[in-house]
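Here is the structure we will look at, set down as structure tokens.
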Amino acid sequence: MIILLGDNLQDIKMIKPEERASTLAVGFCHADTREAIGAYSQIFDIVVVSNTSDNGVLEYIQKRIKPAN
């Protein structure tokens, strides 16, 4: 699994389209508007805004990652 961290909508292009299914994309949205959050939600699996708890994000990521054998 790839974990992609980005703060720009174009950051999703850092991975190849064929890798998208095995990628967990986390977007850090610095603009706290519905439009910006909506745009990030269309591209990233998780959208982090200024009032998002770091613990909540980490817990979500931990649930999505399966331990390697």
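The values are calculated or read from the model by the stated rules, or taken from the named source; none is laboratory data. Everything numeric here is computed off the predicted structure, so don't read it as measured data. Cβ placement follows ideal geometry from the backbone for every residue including glycine, while neighbour counts extend to all protein chains displayed. What goes into the accessible areas is simple: the full protein's heavy atoms, side chains included, and nothing from ligands, DNA or RNA. Shrake-Rupley method; radii C 1.70, N 1.55, O 1.52, S 1.80 Å.
With a 1.4 Å probe and all protein chains left in place, how much accessible area per residue does segment 11-69 have, in Å²?
Values: 4400 Å² over 59 residues.
With the other protein chains kept in place, segment 11-69 gives 75 Å² per residue.
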* Percent of accessible area on the chain owned by carbon and sulfur, 1.4 Å probe? -> 52 percent
* In degrees, nearest ten, helix 34-43 long axis to first principal axis of the chain (Cα) -> 20 degrees
* What is the chain's relative contact order, in percent, from Cα pairs under 8 angstrom and six or more apart in sequence? -> 29 percent
* Rounded to the nearest 500 deg cm²/dmol, what is the calculated helix-only ellipticity per residue at 222 nm for the chain, with -39500 (n - 2.57) per DSSP H run of length n ≥ 4? -> -9000 deg cm²/dmol
* Any idea what the dipole of segment 8-57 comes to, in debye rounded to 20, about its Cα centre with Lys/Arg Cβ at +1 and Asp/Glu Cβ at -1? -> 120 debye
* Once amide H atoms are placed 1.01 Å from N in the peptide plane, what residues at a sequence separation of 5 or more from residue 28, or on another chain, have their amide H within under 5 Å of its amide H? -> 6, 7, 8, 48
* Structure fact -> In degrees rounded to 10, the 0-90 angle between helix 54-64 Cα long axis and the longest Cα principal axis of the chain is 40 degrees
